[in-house]
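Trainee: This structure is in structure tokens; I'll ask about it shortly.
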Amino acid sequence: MKEFDLAIIGAGPGGYVCAIRAAQLGMKVAIIEKRRTLGGTCLNIGCIPSKALLDSSEHFYHTHHKLADHGIHVKDIQLDLKKLLARKDQVVKEVCDGVDWLMNKNKVERFHGHGKLVSNKEIFIQKEDGSSQTIQSRNIVIATGSVPIDLPGFEVDGKQIVTSDHAINFPSVPKHLLIIGAGVIGLELGSVWSRLGAQVSIIELLPKLFGTADRQMSSLAQRIYESQGLKFYFEHKVIGIEKKENEVILKAINSKGDGIEFKGDVVLVAVGRKPYVEGLGAKELGIQFTNRGRIQVDPHTYRTNIPNIYAIGDVIDGPMLAHKAEDEGIAVAEIINGQAGHVNYLAIPWIVYTWPEVAWVGYGEEELKEKGIDYVVGRAVFKSNGRVKAMNESEGQVKILAHKKTDRLLGVYIVGPRASDMIAEVALAFEFGATAEDVARTCHAHPTLSEVLREAAMAVGKWSIHS
Ligand code: NAI
């Protein structure tokens with residue numbers, strides 16, 4: 001039987017990054033993955049394909065609606081959806097192949113098959129061709145990720161009732177796409193198909209976007225999305241669906257208790273994801289789970305109740321984000337190596353890759369009020385920034401919440417172009433425990449979008465220059 005220092009089940013961003021870090025630290029590493037390609041949900045059917053579709057659909061939308069302002073006139077704009085989807089598949093292939101290359105480079109041994117824990121040291125691997133193999137490892141990391149949550153009564157058929165797995169591959173643009181859940185998947189895939197010509201209605205249980213995130217900034221984003229054509233129905237509870245040959249009728253109840261019907265051709269169920277532990281053997285082995293169905297780990301060491309078995313990423317508590325899983329992958333490899341691996345959960349950025357993008361780190365105003373923390377607000381709008389004008393953009397705002405006494409950053413929200421890139425500076429500032437003044441006194445190149453962030457930091461101290 002093959003023996004390893006570390007075996008990782010699942011080759012998503014958590015698992016493969018953990019494998020590389022462990023190999024760098026001198027461990028003999030195995031990675032077990034049931035998909036043919038590495039990279040997990042994120043690279044195969046999540047973050048990467050959806051970003052490829054977002055970029056392509058942005059080009060389509062810009063060509064239609066924005067190029068004329070630049071003096072560029074394009075006639076006969078046509079959508080070749082087959083090619084657009086093929087490009088997306090090519091992007092996915094290249095990033096997945098890249099992970100394969102990294103496994104080889106780092107001498108991580110790859111096993112293709114479904115891994116099942118049979119003891120605290122052994123993993124049984126069921127292969128696609130019916131054969132099997134058992135390997136042994138001193139340490140095991142579970143990084144099996146998550147799958148979409150089903151909605152009772154909404155049986156996914158891949159055609160009229162779909163999950164994000166299918167909505168990255170629609171063979172034609174839906175006429176009316178009904179989306180259940182105004183979360184990140186609903187907003188990103190809703191934006192893609194809306195830009196490509198679909199009517200999009202999003203039905204959401206809660207009263208606002210982005211959960212506990214800052215209300216004012218989520219309202220700002222909502223207004224912009226609505227101006228682009230997305231229709232939101234907040235505080236609506238879906239209660240059933242009727243499928244006809246070429247139509248689906250979604251039934252819901254609004255906050256007043258009134259029944260309402262939505263007619264469309266496809267329903268995308270995007271109500272969150274749940275840990276994927278099917279056939280893993282974790283429960284049989286006595287691994288403990290939280291009451292929310294995630295694997296229970298010690299938050300400082302990622303150890304389960306079985307000391308040499310660890311878990312990271314979507315299967316444990318915390319936001320289901322690829323970069324959170326990656327950081328935990330690095331931390332757990334270092335912990336297994338006897339080092340002090342650590343993740344600063346307060347500095348993890350959230351990003352919604354719509355246009356404009358929405359990104360934030362830290363608390364919103366409502367959370368600070370609830371915690372009784374006194375804060376000062378600094379704001380700056382994108383439209384007065386020179387680079388933004390050059391880009392022909394105008395919408396959006398940066399909002400900074402800093403501690404009233406210490407000036408330390410508590411929350412930074414960006415609704416604006418390329419917020420996903422700008423938020424990196426914010427995460428770094430949080431890591432260093434920066435104050436708003438630290439950001440305000442840091443030289444930001446001109447003309448760049450990042451100047452808007454600096455202006456907001458200056459506004460915290462009431463000395464913004466350009467407003
Ligand atoms: P989500 O948790 O972001 O949003 C689900 C939404 O559905 C919530 O607003 C919730 O209130 C609503 N909802 C739940 N039950 C409902 C019901 N019965 N009727 C109407 N609304 C209902 O989950 P989503 O969008 O499915 O994404 C899954 C996971 O993938 C998330 O944890 C997310 O963090 C991650 N993800 C992250 C991305 C990013 O970082 N840009 C992109 C895509 C996914």
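The values are calculated or read from the model by the stated rules, or taken from the named source; none is laboratory data. These numbers come from a predicted model, not from an experiment. All Cβ positions, even for glycine, are placed from backbone atoms using ideal geometry, and neighbour counts span all protein chains on display.
Trainee: Kindly establish whether Ile125 is outside the structural domain of Glu326 (by TED's automatic domain parsing) and either in contact with a Cys (Cβ under 8 Å, 6 or more places away or on another chain) or modelled with pLDDT of 95 or more (or both).
Mentor: Judged against the criteria, Ile125 is not a match.
Trainee: Does region 63-70 contain at least one residue that is of a type outside the set (Val, Ile, Thr), surrounded by 15 or more Cβ atoms within 10 Å (Cβ to Cβ), over 28 Å from Ala270 (Cβ atoms) and out of contact with any helix residue (DSSP H, G or I) (no Cβ under 7 Å at 6 or more places or on another chain)? Full working, then the answer.
Mentor: First, pick out the residues of region 63-70 that are of a type outside the set (Val, Ile, Thr): 64-70.
Checking which are surrounded by 15 or more Cβ atoms within 10 Å (Cβ to Cβ) leaves us with 67.
After this cut, where a residue has to be over 28 Å from Ala270 (Cβ atoms) as well, the list is 67.
Then keep just the ones that are out of contact with any helix residue (DSSP H, G or I) (no Cβ under 7 Å at 6 or more places or on another chain); that gives 67.
Among the residues of region 63-70, at least one is of a type outside the set (Val, Ile, Thr), surrounded by 15 or more Cβ atoms within 10 Å (Cβ to Cβ), over 28 Å from Ala270 (Cβ atoms) and out of contact with any helix residue (DSSP H, G or I) (no Cβ under 7 Å at 6 or more places or on another chain), which makes the answer yes.
Trainee: Find the strands (runs of 3 or more DSSP E) located wholly in region 321-412 whose residues include 3 or more that are out of contact with any Cys (no Cβ under 9 Å at 6 or more places or on another chain), within 16 Å of the ligand (Cβ to nearest atom) and touching a residue at least 60 places away in the same chain (Cβ under 8 Å), and list them. Quick ask: steps written out before the conclusion?
Mentor: Working: elements: 350-352, 357-362, 375-381, 397-403.
Those strands (runs of 3 or more DSSP E) span 350-352, 357-362.
Trainee: I'm trying to understand the selection: among the residues of region 278-294, which are farther than 17 Å from Ser119 by Cβ and of a type in the set (A, V, I, L, M, F, W, C)?
Mentor: Passing the criteria: only Phe289.
Trainee: Say whether the condition of being touching a residue at least 40 places away in the same chain (Cβ under 8 Å), within 23 Å of Gly229 (Cβ to Cβ) and not in a helix (DSSP H, G or I) is met by at least one residue in region 72-82. Step through it out loud before you land on a result.
Mentor: Looking only at region 72-82, we keep the residues that are touching a residue at least 40 places away in the same chain (Cβ under 8 Å), and these are 79, 81.
Filter once more, so that each one left must be within 23 Å of Gly229 (Cβ to Cβ): 79, 81.
Then drop every residue that is not not in a helix (DSSP H, G or I), which leaves 79.
Within region 72-82, one or more residues are touching a residue at least 40 places away in the same chain (Cβ under 8 Å), within 23 Å of Gly229 (Cβ to Cβ) and not in a helix (DSSP H, G or I).
Trainee: Another question about this same structure. Could you pull out the residue among Leu189, Leu177 that is among the hydrophobic types (A, V, I, L, M, F, W, C) and near the ligand (Cβ under 10 Å from one of its atoms)? Break it down stepwise before answering.
Mentor: Numbers: Leu177 fails: near the ligand (Cβ under 10 Å from one of its atoms).
Just a single option satisfies the conditions, and that option is Leu189.
Trainee: Which of the following residues is touching a strand residue (DSSP E or B) at 6+ places or on another chain (Cβ under 8 Å), in the same structural domain as His59 (by TED's automatic domain parsing) and of a type in the set (Val, Ile, Thr): Ile306, Ile351, Ile316, Ile400?
Mentor: None of the others qualify; the one that does is Ile316.
Trainee: Related question: In region 294-320, which residues are within 29 Å of Ala359 (Cβ to Cβ) and in a loop (DSSP other than H, G, I, E, B)?
Mentor: Selection gives Arg294, Val297, Pro299, His300, Tyr302, Ile312, Ile316, Asp317, Gly318, Pro319, Met320.
Trainee: Counting just the residues of region 267-289 that are within 16 Å of the ligand (Cβ to nearest atom) and either surrounded by fewer than 19 Cβ atoms within 10 Å (Cβ to Cβ) or of a type in the set (Ser, Thr, Tyr) (or both), which one comes out nearest to Asp5 (Cα to Cα)?
Mentor: Tyr276
Trainee: If we keep just the residues of region 26-66 that are of a type in the set (A, V, I, L, M, F, W, C) and assigned to a loop (DSSP other than H, G, I, E, B), which is nearest to the ligand (Cβ to nearest atom)?
Mentor: Leu38
Trainee: Quick check, is Asn291 in contact (Cβ under 8 Å) with a residue 12 or more places away in the chain, at negative phi, part of a loop (DSSP other than H, G, I, E, B) and polar (S, T, N, Q)?
Mentor: no
Trainee: Please specify each residue of region 137-175 satisfying the condition of being assigned to a strand (DSSP E or B) and buried (at least 16 other Cβ atoms within 10 Å of the Cβ).
Mentor: First pass over region 137-175, keeping only residues assigned to a strand (DSSP E or B): 137-142, 146-148, 161-162.
Once the filter is applied, which keeps residues that are assigned to a strand (DSSP E or B) and buried (at least 16 other Cβ atoms within 10 Å of the Cβ), region 137-175 yields Ser137, Asn139, Ile140, Val141, Ile142, Ser146, Val147, Pro148, Ile161, Val162.
Trainee: Given the condition among the hydroxyl-bearing types (Ser, Thr, Tyr), touching a residue at least 12 places away in the same chain (Cβ under 8 Å) and in a loop (DSSP other than H, G, I, E, B), answer yes or no: does some residue in region 218-232 qualify?
Mentor: No, the conditions are met nowhere in region 218-232.
Trainee: A further question follows. Just to be sure I understand, how many residues within region 252-266 are closer than 30 Å to Pro319 by Cα and away from the ligand (no atom under 11 Å from the Cβ)?
Mentor: Final tally of qualifying residues: 3.
Trainee: Something else about it: Do we have any residue at all in region 210-229 that's among the acidic types (Asp, Glu), within 11 Å of the ligand (Cβ to nearest atom) and touching a helix residue (DSSP H, G or I) at 6+ places or on another chain (Cβ under 6 Å)?
Mentor: Looking for residues that are among the acidic types (Asp, Glu), within 11 Å of the ligand (Cβ to nearest atom) and touching a helix residue (DSSP H, G or I) at 6+ places or on another chain (Cβ under 6 Å), one finds none in region 210-229, hence no.
Trainee: With within 11 Å of the ligand (Cβ to nearest atom) and either aromatic (Phe, Trp, Tyr) or modelled with pLDDT of 95 or more (or both) as the only criterion, which of Thr134, Thr144, Thr163 stands out?
Mentor: Details: Thr134 fails: within 11 Å of the ligand (Cβ to nearest atom); Thr144 fails: within 11 Å of the ligand (Cβ to nearest atom).
Answer to the selection: Thr163.
Trainee: I've got another one for you. Residue by residue through region 87-146, note down the ones that are among the basic types (Lys, Arg), touching a strand residue (DSSP E or B) at 6+ places or on another chain (Cβ under 7 Å) and farther than 17 Å from Gly39 by Cβ.
Mentor: Once the filter is applied, which keeps residues that are among the basic types (Lys, Arg), touching a strand residue (DSSP E or B) at 6+ places or on another chain (Cβ under 7 Å) and farther than 17 Å from Gly39 by Cβ, region 87-146 yields Lys116, Lys121, Lys127, Arg138.
Trainee: How many residues are of a type in the set (Val, Ile, Thr) and over 27 Å from Ser227 (Cβ atoms) when one looks only at region 351-396?
Mentor: Qualifying residue count for the region: 2.
Trainee: Go over the candidates Gly338, Gly386, Gly362, Gly396 one by one and state the one that is surrounded by fewer than 18 Cβ atoms within 10 Å (Cβ to Cβ) and at positive phi.
Mentor: Matching residue, one of Gly338, Gly386, Gly362, Gly396: Gly338.
Trainee: Turning to a different aspect of this structure: Every residue in region 168-187 that is in contact with a helix residue (DSSP H, G or I) (Cβ under 6 Å, 6 or more places away or on another chain) and farther than 26 Å from Glu261 by Cβ, please.
Mentor: Ile168
Trainee: Is it the case, given these coordinates, that Arg87 is basic (Lys, Arg) and within 30 Å of Gly318 (Cβ to Cβ)?
Mentor: No.
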